[in-house]
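The values are calculated or read from the model by the stated rules, or taken from the named source; none is laboratory data. The structure presented is a predicted model; accordingly, all values stated were derived computationally and were not measured. All Cβ positions, even for glycine, are placed from backbone atoms using ideal geometry, and neighbour counts span all protein chains on display.
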Amino acid sequence: MDKLFIFDTTLRDGEQVPGCQLKSEEKLEIAFGLESLGVDIIEAGFPVSSPEDFRSVSLLSEHIKNVTICGLTRAVEEDIDVAVDALKSAVNPRIHTGIGTSESHIKFKLNSNQDEIIRRGVHAVKYARNKVAEVEFYAEDAGRTDNEYLARVVEAVIDAGAAIINIPDTTGYCLPDQYGEKIAYLVNNVPNIDKAILSTHCHNDLGLATANSVAGILAGARQVECTINGIGERAGNTSLEEVVMIVNQHKHIPVKHEIDTKQIIPISKTVSEMINMPVQPNKAIVGANAFAHSSGIHQDGVIKNRETYEIIDPEEVGAKGSKIILTARSGKAALNFHAKKLGYELSPQTLKAVYKNFLEVADQVKCIEESHLHDIFQNVKILA
Ligand code: KIV
Ligand code: ZN
């Protein structure tokens, strides 16, 4: 089993969500949670972008000692100098530098050409390596970069001293097989690839960020860049919790991580509250409905055996347990389950009668609460 490095970018790429910027102290609070969760690298910010982001990277470098602290830069000397300064107290500092490599980035954003981009990337990596031991290079928009050219870029920056190579699908464009093939192409065609770790960094514009990251891991990537709750610009980044639980569920994926999965729901809640961004109820793993069952057929199955409709034990990710929600789609088994929990013993005939009443109320109120149940049971004169 290879180690899968979990690179958390909640505090950099995640925090780029409009209106969700965090103060340094708030970032530090989340970073303590991430350290305890077991991530390997925290991307703390983009130090040159603002004085407060510089302060965040400095503060995390001072206080977070068991995790690599990483600062983002463009392939620009000034960015690198500022990031090195912000990272000076870190036990394990990492500079994450890079440049756009796709045709559209080179032509429209950078007004440059392919050879010049390689030269600038190589220069940035060498410049950063003179100042810190660990340099990661990102080939921005690698998802839309021609594989042959990408391989040339990767070979050159590894030669220049980059130990981690990030292959971002910046625009969330790739299909899983395309992204997997891209990683496989680099594994098979870059002569010095054994000197570096390939990293996935997938955006979710087409809802494929997690699938693409997993395809990348299956093809040989050994670092995954992700955020708590999948937060990030536009449709967000790869969700940390999804990748981790996929690896846990599918034992044939030949990697292991060090995430303490019981801390997933608590940190999801902390991040959601601190950035003031609710988690969608049907979000995998951390959504309020991720372990909630409301249809009669499913409820009957789960009450008999949780595994009939759940592939993850909710406690494994820090949730309290499965939820049997009562709605007009629920069945008698669920109603009886709740009745017992409240101390009502219903005979089969009474259950049938109560159920009729229950459906009438449920059609009106959508979601049945405990107070409704007491009313429903009282109406048919059930004794507690
Ligand atoms: O999506 C992206 O390309 C990035 C890079 C800056 C790493 O976030
Ligand atoms: Zn990104």
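Computed values, structure above
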{"quantity": "Among the residues listed as GLU316, GLU307, the single one being within 35 Å of the chain's Cα centre (by Cα) and either in contact (Cβ under 8 Å) with a residue 12 or more places away in the chain or buried (at least 18 other Cβ atoms within 10 Å of the Cβ) (or both)", "calculated": "GLU316"}
{"quantity": "Matching entry among ASN66, ASN92 (being assigned by TED's automatic domain parsing to the domain that holds LEU34 and either free of Cβ contacts under 8 Å to residues at least 40 places away in the same chain or of a type in the set (Lys, Arg) (or both))", "calculated": "ASN66"}
{"quantity": "Answer residue from segment 201-230, given it is polar (S, T, N, Q) and within 11 Å of ligand 2 (Cβ to nearest atom) and is nearest to SER272 (Cα to Cα) among those", "calculated": "THR227"}
{"quantity": "Inter-residue pairs, beta-carbon under 6 Å, first aromatic (Phe, Trp, Tyr) and in segment 130-153, second within 14 Å of ligand 2 (Cβ to nearest atom), 6+ apart", "calculated": "PHE137/GLY98; TYR138/GLY98; TYR138/ASN166; TYR138/PRO168"}
{"quantity": "Checklist (1) of a type in the set (A, V, I, L, M, F, W, C); (2) in contact (Cβ under 8 Å) with a residue 60 or more places away in the chain; (3) away from ligand 1 (no atom under 16 Å from the Cβ) applied to VAL190, failing item", "calculated": "(2)"}
{"quantity": "Criterion: away from ligand 2 (no atom under 16 Å from the Cβ) and under 19 Å from SER49 (Cα atoms) - qualifying residue of VAL91, VAL132, VAL125, VAL76", "calculated": "VAL76"}
{"quantity": "Where ALA86 falls short, out of the listed (1) surrounded by 24 or more Cβ atoms within 10 Å (Cβ to Cβ); (2) under 18 Å from GLU225 (Cβ atoms); (3) in contact with a helix residue (DSSP H, G or I) (Cβ under 7 Å, 6 or more places away or on another chain)", "calculated": "(2)"}
{"quantity": "Selection from segment 1-48 of residues that are more than 24 Å from ASN204 (Cα to Cα) and within 16 Å of ligand 1 (Cβ to nearest atom)", "calculated": "PRO47, VAL48"}
{"quantity": "Helices (runs of 4 or more DSSP H) contained entirely in segment 222-305, each with at least 3 residues that are assigned by TED's automatic domain parsing to the domain that holds CYS202", "calculated": "240-249, 264-274"}
{"quantity": "Meets criteria (of a type in the set (D, E, K, R), over 27 Å from ASP260 (Cβ atoms), touching a Gly at 6+ places or on another chain (Cβ under 8 Å) and part of a helix (DSSP H, G or I)) for ASP53", "calculated": "yes"}
{"quantity": "Cβ-Cβ under 8 Å pairs, at least 6 apart or on other chains, segment 367-384 side in the same structural domain as ARG329 (by TED's automatic domain parsing) and exposed (fewer than 13 other Cβ atoms within 10 Å of the Cβ), far side part of a loop (DSSP other than H, G, I, E, B) and at pLDDT 65 or above", "calculated": "CYS367/ILE325; CYS367/LEU326; CYS367/THR327; GLU370/LEU342"}
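Yes/no matrix, rows are residues, columns are (1) exposed (fewer than 15 other Cβ atoms within 10 Å of the Cβ); (2) in contact (Cβ under 8 Å) with a residue 24 or more places away in the chain; (3) in contact with a Gly (Cβ under 8 Å, 6 or more places away or on another chain); (4) not small (Gly, Ala, Ser):
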position: LYS283; (1), (2), (3), (4): no, yes, yes, yes
position: VAL286; (1), (2), (3), (4): no, yes, no, yes
position: LYS340; (1), (2), (3), (4): yes, no, no, yes
position: LEU346; (1), (2), (3), (4): no, yes, no, yes
